[in-house]
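Bear in mind that the values in this text are calculations on the coordinates, not laboratory data. Since the model is a prediction, treat every value here as computed from it, not as a measurement. Heads up, the Cβs are rebuilt from the backbone with ideal geometry, glycines too, and the neighbour counts pull from every protein chain shown.
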């Protein structure tokens with residue numbers, strides 16, 4: 001991977017900033033020249049999930065700058081149009097409508113939570129648009145208006161980690177904790193099914209609102225439950241408060257292990273590495289992944305965002321998704337949603353995490369499951385890793401297998 005030209009990146013940032021500060025200018029015919037392709041950038045710059053989404057926004061712009069430096073898409077430069085949905089699902093919907101109707105973007109790179117994706121999905125489906133969704137999620141969705149590029153589904157996060165907790169760490173009593181919305185509850189549903197199969201007991205399944213910061217009573221409940229391991233689906237800045245409260249009440253992750261489906265390097269930096277040290281995370285990407293592409297990716301991002309910036313799974317998936325959309329558009333010779341979706345199946349990209357391939361049957365991604373253990377410097381040692389990418393099964397919670405698909409491009413056949 002060649003590092004993007006800094007001037008191209010700054011140019012992209014400048015145009016994008018204009019989209020945020022002066023949308024009437026961006027909407028004018030003078031700026032909206034035929035030589036460019038407008039693309040929507042919809043990540044929260046404010047609110048509870050901005051802790052993660054700010055860097056996702058940056059990474060989308062970096063990927064766009066790289067593509068533009070190499071000639072753009074179909075001979076045209078990509079023109080980012082940024083909107084800030086402020087971590088509010090209703091605002092995501094409003095901004096998505098603006099991007100598709102007023103700005104006429106053929107694609108939106110955006111969303112972090114399931115709540116935000118569900119808010120945007122009806123808009124892109126109704127307007128024949130396309131959402132490139134980057135984040136791991138609970139599955140049980142099958143839309144022709146979403147390219148799930150780099151987005152992990154439960155079988156790629158749980159089928160490796162839950163059995164590993166039992167077989168490697170010898171744990172048998174699981175307490176599941178999460179933020180109170182669809183993703184954590186969906187992950188808990190699949191976790192319970194897996195636990196029943198392998199003989200683990202679920203001793204707790206509890207939730208607090210997204211953005212909640214008072215975790216003392218929940219941590220006390222975990223302590224009195226008899227659990228010997230915690231699985232966390234807590235999201236956003238609540239992660240910081242949860243981990244700090246665990247430490248404040250004296251818990252040691254070597255004695256009561258915690259494995260998360262959501263905690264990344266950026267949340268660890270926000271809370272302080274000492275609060276996460278010894279905990280585990282199941283995700284396809286960590287900054288410590290040892291590939292030439294990742295070394296170049298980390299170096300490039302630090303050049304643009306600052307030497308102390310960290311990379312993490314959500315932003316790496318954004319980067320992967322932008323590039324794979326561009327590859328599909330080039331293959332199709334068209335940026336329309338229908339054309340890109342028709343061309344995306346089977347496309348592979350040598351991403352920072354390793355090879356990522358779009359499954360032609362369901363528009364999800366073959367990804368490599370990994371488990372990382374948090375270090376004192378805020379990075380993760382990779383303690384378990386699959387030898388090759390795993391097939392995405394978004395309906396594994398209801399029995400989907402590689403041989404018996406439920407989610408197909410034609411729609412879920414439930």
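Assorted remarks:
- Cα-derived Rg to Rh of the chain, Kirkwood definition: 0.96
- Pairwise FRET efficiency - residue 104 versus residue 217, Cβ, R0 = 56 Å, nearest 0.05: 0.70
- For the stretch 325-414: rounded, prolate or oblate by the Cα gyration tensor [a/c cutoff 1.5]: oblate
- For the options 370, 126, 185, a Gaussian network treatment of the chain with springs between C-alpha atoms closer than 10 Å singles out 126 as fluctuating the most.
- Rounded if a/c under 1.5, otherwise prolate or oblate - the stretch 190-292, Cα gyration tensor axes: oblate
- Of the residues 260, 225, 116, the one that moves most in a GNM of the chain with alpha-carbon contacts below 10 Å is 225.
- Value of [θ]222 nm, deg cm²/dmol, for the chain, DSSP H segments ≥ 4, -39500 (n - 2.57) each, nearest 500: -12000 deg cm²/dmol
- Residue exposure proxy: 376, 365, 161, ordered by other Cβ atoms within 10 angstrom of their Cβ from fewest to most, comes out as 376, 161, 365.
- Look at the alpha carbon pairs under 8 Å that are at least 6 residues apart: their mean separation over the length of the stretch 166-218 gives a relative contact order of 47 percent.
- Per-pair calculated FRET efficiency, R0 = 30 Å: residue 350 and residue 303 via Cβ, rounded to 0.05: 0.90
- Separation of the stretch 113-160 from the stretch 354-368 is 13 Å, based on Cα centroids.
- Antiparallel content of DSSP bridges confined to the chain, in %, to 5: 35
- Exposure proxy ranking, count of Cβ atoms within 10 Å, fewest first, for 133, 325, 164, 215: 164, 215, 325, 133
- Length gained when the stretch residue 383-residue 34 is fully extended (0.36 nm per residue, less Cα-Cα span): 120.7 nm
- Relative contact order %, the chain, counting alpha carbon pairs below 8 Å whose residues are six or more apart: 17
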